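The values are calculated or read from the model by the stated rules, or taken from the named source; none is laboratory data. Please read all numbers here as calculations on a predicted model, not as lab measurements. Note that we place each Cβ from the backbone using ideal geometry, even for glycine, and neighbour counts take in every protein chain shown.
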Amino acid sequence: MKITVETTVTAPIDAVWHAYTTAEDIVQWNAASDDWHTTKASVDLREGGAFSSRMEAKDGSFGFDFAGTYTRVVVHHLLEYSFGDRQASVEFTATPPGVTVKVEFDGEDMHSVEQQREGWQAILNNFKRHVESRI
């Protein structure tokens, strides 16, 4: 099952792309709630390149690596990647009000579709706030 989340970021495409694809920015916005954070990230932004984000509960009770491989990179337009046996795509579309960022990903079976959508949307909302706070 494919799940989709999206937002429109009021910022230039260069700023949006940079914040989404730069490890130094990812550690600042990549969390679904205030009690989680990303402690480190790495990005090899090319087809076949690897990425990883270490996500941890701030109380130290749990953590995991969200990692995968870029399968397609079209600068300022599209990222496609695999993570485990799942796939995702991120589309960047410049519009008059800003850049629409649409993320579509393969869901998993451990959590409900709604839980997954809410978590990924919360991360995308943090991304929007991060980028817009810098403009």
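For the stretch 15-34, taking the residues that are among the polar types (S, T, N, Q) and assigned to a helix (DSSP H, G or I), the one that is farthest from the chain's Cα centre (by Cα) is identified as GLN28. Within the stretch 35-55, the only residue that satisfies the criterion of being among the polar types (S, T, N, Q), surrounded by fewer than 16 Cβ atoms within 10 Å (Cβ to Cβ) and touching a Ser or Thr at 6+ places or on another chain (Cβ under 8 Å) is SER42. Surrounded by 13 or more Cβ atoms within 10 Å (Cβ to Cβ), of a type in the set (Ser, Thr, Tyr) and either in contact (Cβ under 8 Å) with a residue 24 or more places away in the chain or part of a helix (DSSP H, G or I) (or both), is that true of THR100? When the stated conditions are applied, THR100 passes them.
Given the criteria touching a Lys or Arg at 6+ places or on another chain (Cβ under 7 Å) and hydroxyl-bearing (Ser, Thr, Tyr), does THR38 qualify? Criteria met by THR38. Among the residues of the stretch 1-34, the one identified as surrounded by fewer than 16 Cβ atoms within 10 Å (Cβ to Cβ), modelled with pLDDT under 95, of a type outside the set (Ser, Thr, Tyr) and within 27 Å of LYS58 (Cα to Cα) is ASP34.
For the stretch 85-118, the tally of residues that are small (Gly, Ala, Ser) and within 11 Å of the chain's Cα centre (by Cα) stands at 2. Applying a threshold of 8 Å to beta carbon distances and a minimum spacing of six or more residues, or different chains, the list of pairs starting in the stretch 53-71 at a residue that is at pLDDT below 95 and among the polar types (S, T, N, Q) and ending at one that is assigned to a strand (DSSP E or B) and surrounded by 12 or more Cβ atoms within 10 Å (Cβ to Cβ) is empty.
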